[in-house]
Amino acid sequence: MLVMQSLPYRKNKTMRYEKKLTQDLNLLIKIAIMLMVGLFLMIAQTANAQQMIIDDAAVTTERSFQIETWAGTEEAIFQPAFAVTEWLELTTGLAFDTSGEFEFAGFFAELKAVNRDVEEFGSAVGLVAAFGFSDGGDFEEFMAYVPYSRLILGGSSMLHLNAGFTLADDGEDWEFSPIYGIRGDYGLHDRVSVLAELFAENTDFGLNGGLRLGLIPGLLELDITYGRGFESGFDFPGLNIGIAFTPDSLW
C-alpha cells in the first residue's frame, strides 16, 4: 500500500538531500585539490604508489625521497619518505578524516628497515615501527610488524606477507591487537597490475583490491582501489585514489 508523504516531510527530505549533495561535492573538491597538489609535486623518475594496507619489504631509493598521497571515502594521507641509508627509511605523514567532514585526524612517523633489495635478490624481509599521534599531538598508537616480499611468476608479480601488532590508547588502557595479512601484485602488462589483499586486525577481516596504472612509465603511477571489512559497518578502507613520486637520485 502506498502512503503519500506530507508536504513538510517531503520539503525536509529534499533539504536534507540537497545538504548531503553539497557535503559530497565539497568532499570531492577537497580530494581533487589534494591530488592536484600531488601532481604539482611530481618531480619523479620512478614511481611506486602504496596506499595498500599490506606493506612491502622495500625502501625508498638511497639518497632520494618519495612522496605518496592518496585520498578516498574514509581517509586521506600525505606521506613523504626519506632514505636514510640503502636499507633504512624514515616516513612522516599527515592523516585526514574524509568519512564525514574533511578534518585533520593526526600525524605519524615510521621507521622501516629491510635486509636487501627484493628486486635484485628475489625476496626480502623487513621490520617496521610506527608511532601515531592525535590531532592534538597526543601519542595514541604504536605499531610494529614484519613485512616479507617475494617475486613470483617469473618476476612479473610479487607476493607480500605482514605480521605484527598494534598498541592503541582507548582512553583508559593500551589495547593490544595482532595484525596480519597477505597481498599480491599481479602484472598484466608493463603498465597495468592487479592489486589484491586480505588484511585483519584481531578477527576482523577485510578485502581490498584494484588496479595500478603506469600512466607515464618511470614517471607517474596511479592506484585505484576499493576495500571494506567483512562485518557490517566496517567500511574501511573504502574507495581510494593514490599517486606517488620517487626521484631516482638527488645527489
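Answer yes or no: is there a residue in segment 141-151 that is free of Cβ contacts under 8 Å to residues at least 24 places away in the same chain and farther than 19 Å from Ala58 by Cα.
The initial filter retains those residues of segment 141-151 that are free of Cβ contacts under 8 Å to residues at least 24 places away in the same chain, namely 144, 146.
Subsequent filtering for residues that are farther than 19 Å from Ala58 by Cα retains none.
The answer is no, given that none of the residues of segment 141-151 is free of Cβ contacts under 8 Å to residues at least 24 places away in the same chain and farther than 19 Å from Ala58 by Cα.
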The residue from Ser123, Ser99 that alone is out of contact with any His (no Cβ under 8 Å at 6 or more places or on another chain), of a type in the set (S, T, N, Q) and modelled with pLDDT of 95 or more is Ser123
Considering residues that are of a type in the set (Val, Ile, Thr), assigned to a strand (DSSP E or B) and more than 14 Å from Ile179 (Cα to Cα), the number found within segment 108-149 is 2
Checked segment 45-71 for anything modelled with pLDDT of 75 or more, in a loop (DSSP other than H, G, I, E, B) and of a type outside the set (Ser, Thr, Tyr); matches are Met52, Ile53, Ile54, Asp55, Asp56, Ala57, Ala58, Val59, Glu62, Arg63
Considering segment 150-161, residues that are of a type outside the set (Lys, Arg) and either within 17 Å of the chain's Cα centre (by Cα) or in a strand (DSSP E or B) (or both), and then whichever is surrounded by the most Cβ atoms within 10 Å (Cβ to Cβ), we arrive at Met158
Is there a residue in segment 94-106 that is within 20 Å of Asn162 (Cβ to Cβ), of a type in the set (Ser, Thr, Tyr) and not in a strand (DSSP E or B)? no
Val128 passes all but one of the listed conditions (1) surrounded by fewer than 19 Cβ atoms within 10 Å (Cβ to Cβ); (2) closer than 22 Å to Arg150 by Cβ; (3) hydrophobic (A, V, I, L, M, F, W, C); (4) touching an Asp or Glu at 6+ places or on another chain (Cβ under 8 Å); the exception is number (1)
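Say we look at segment 183-208 and pick out the residues that are surrounded by fewer than 16 Cβ atoms within 10 Å (Cβ to Cβ) and closer than 24 Å to Arg150 by Cβ; which of these is nearest to the chain's Cα centre (by Cα)? Write out each step before concluding.
Step one: list which residues in segment 183-208 are surrounded by fewer than 16 Cβ atoms within 10 Å (Cβ to Cβ), which gives 188-192, 194, 202-205, 207.
Then drop every residue that is not closer than 24 Å to Arg150 by Cβ, which leaves 188-192, 194, 205, 207.
Numbers: Leu188: 22, His189: 23, Asp190: 22, Arg191: 20, Val192: 19, Val194: 16, Phe205: 17, Leu207: 13 Å.
By that ranking, first place goes to Leu207.
The values are calculated or read from the model by the stated rules, or taken from the named source; none is laboratory data. Because the structure is predicted, anything quoted here is derived from the model rather than measured. Note: ideal-geometry Cβ built from the backbone for every residue, glycine included; neighbour counts use all protein chains shown.
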